[in-house]
Amino acid sequence: MTTTDNLTAAAAAIRNASALVITAGAGMGVDSGLPDFRGNQGFWNAYPRYERLGLSFIQAANPEHFETDPHFGWGFYGHRTNLYRNTTPHQGFTTLRNWITARNLDYFIVTSNVDGQFQKAGFNDDHILEVHGSIHYLQCTIPCCSSIWPNNAQFDINEATMRSTEIPRCPHCNRVARPNILMFGDYSWLPQREAGQETRFENFLQHTEAASTVVIELGAGSAIPTIRNLSQRLGHRPGTRVIRINPREAQIAGPHFSFPGSAVDILSQLNTCLACP
C-alpha cells in the first residue's frame with residue numbers, strides 16, 4: 001500500500017469512527033519546541049549543565065533531590081514548569097480538537113506527558129488521563145497527607161547552576177512541596193488524581209466497547225512503552241484501528257496504520273484527506 005493509499009484508508013477510518021482515543025508520548029511536544037529527552041544525549045542537549053554534572057535524566061528526575069537539596073530539585077522541575085507555561089501547543093492539537101468537534105466524537109486522551117499541553121490546547125480535563133501525573137499540581141514531599149493542589153508557584157532559575165531561588169511549601173506542614181509526578185525510584189507519589197482519571201477512562205472504554213473507534217498514537221517511543229502497549233491493547237478490540245505516528249518507531253502490524261513522521265505533519269496530511277469528498 002502506498003503512502004497515499006495509507007493516508008486515504010486511515011482518513012476513512014477516522015471518517016467512520018464514533019469514538020477517538022488519543023494516546024501521546026514525549027514526541028507529541030517536539031513540534032511545539034519542547035525538548036526531546038530520548039537518551040542521555042537528547043537530555044543533555046536540552047540541559048547541558050547536567051552533562052557537566054554527570055547526571056542523566058533518570059538521576060535528575062529523582063524525588064530524593066526534594067529531600068536532600070530542594071533548590072536543586074526545583075531547579076529542574078521549576079525550569080520545566082516555566083517552559084511548559086510559556087509553550088504554545090502546535091497546530092496538531094487544534095486539528096485533533098476540530099475533528100472531535102466537527103464529527104461529534106466521543107473521545108479520551110491518554111498521555112505520559114506531564115506538561116499539561118492538552119488542557120492548554122482546549123481539551124476537557126475530564127477527558128484526559130495523565131499516567132505519570134502533572135507538573136501543574138503539587139503534593140507534600142513527605143507526604144504529610146493526601147492533599148494535591150495546583151502549582152501556582154513562580155520560579156526564578158539560575159541556569160548556570162540549575163538551582164531555583166524559590167521552594168514551594170506544603171500548606172499543611174510547611175515542609176518542601178514537590179510536583180505530583182511519578183518520578184524514577186519514587187515511593188511517595190500520591191496517585192489519587194491519576195486514579196480518578198483512570199476510572200473515567202475505564203468508564204469511557206466500557207461506554208464505547210461496541211463503538212467504531214480509532215486510536216491515534218502520537219510520538220510514543222519504545223524505551224518506556226506504556227503508551228505503545230496501551231495503543232496495541234486497544235487495537236485488539238473489535239472495530240478498533242490504531243494510527244501510529246512516530247518519526248523513528250512507527251512500525252505496527254496490520255490492519256493498523258503506520259506513519260513515519262512528526263505529529264503536526266502527518267495530522268495535517270490526514271486532515272487534507274478528510275477534507276476530500
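The values are calculated or read from the model by the stated rules, or taken from the named source; none is laboratory data. Note that the structure is predicted; figures quoted are calculated from it, not measured. Glycine also receives a Cβ, built like all others from the backbone with ideal geometry; neighbour counts cover every protein chain displayed.
All of THR87, THR94, THR68 fail the test of being closer than 17 Å to PHE184 by Cβ, surrounded by fewer than 21 Cβ atoms within 10 Å (Cβ to Cβ) and at pLDDT 95 or above, apart from THR68. For region 222-260, enumerate the residues that are of a type in the set (Lys, Arg) and either free of Cβ contacts under 8 Å to residues at least 12 places away in the same chain or within 18 Å of PHE204 (Cβ to Cβ) (or both). Within region 222-260, ARG233, ARG237, ARG241 meet the criteria. Residues in region 175-211 that are over 23 Å from the mean Cα position of the chain (by Cα) and closer than 25 Å to ALA61 by Cβ: ARG175, VAL176.
Let's see how each residue does on (1) in contact with an Asp or Glu (Cβ under 8 Å, 6 or more places away or on another chain); (2) assigned to a strand (DSSP E or B); (3) among the β-branched types (Val, Ile, Thr):
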{"site": "PHE37", "(1), (2), (3)": "no, no, no"}
{"site": "GLN59", "(1), (2), (3)": "no, no, no"}
{"site": "HIS79", "(1), (2), (3)": "yes, no, no"}
{"site": "PRO89", "(1), (2), (3)": "no, no, no"}
{"site": "THR95", "(1), (2), (3)": "no, no, yes"}
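Restricting attention to region 97-136, the residues that are in contact (Cβ under 8 Å) with a residue 60 or more places away in the chain, surrounded by fewer than 23 Cβ atoms within 10 Å (Cβ to Cβ) and of a type in the set (Asp, Glu) total 2. Annotation note: Cβ proximity below 6 Å between a residue of region 74-92 that is closer than 25 Å to VAL176 by Cα and a residue that is in a helix (DSSP H, G or I) and of a type in the set (A, V, I, L, M) (sequence gap 6+ or interchain) occurs for PHE76/ALA60.
To keep it simple, each residue is scored yes or no on (1) of a type in the set (Gly, Ala, Ser); (2) modelled with pLDDT under 95; (3) touching a Cys at 6+ places or on another chain (Cβ under 7 Å).
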site	(1), (2), (3)
PRO171	no, no, no
ARG175	no, no, yes
LEU205	no, no, no
PRO225	no, yes, no
GLY235	yes, no, no
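Of the residues in region 206-219, how many are in contact with a strand residue (DSSP E or B) (Cβ under 6 Å, 6 or more places away or on another chain) and either under 19 Å from ALA263 (Cα atoms) or part of a strand (DSSP E or B) (or both)? Before the answer, list the steps.
We begin by selecting, within region 206-219, every residue in contact with a strand residue (DSSP E or B) (Cβ under 6 Å, 6 or more places away or on another chain); these are 208, 211, 213-218.
Going one step further and asking which of them are either under 19 Å from ALA263 (Cα atoms) or part of a strand (DSSP E or B) (or both), we end up with 213-218.
Count: 6.
Of the residues making up region 97-135, those that are out of contact with any helix residue (DSSP H, G or I) (no Cβ under 9 Å at 6 or more places or on another chain) and not in a helix (DSSP H, G or I) are ASN104, ASN124.
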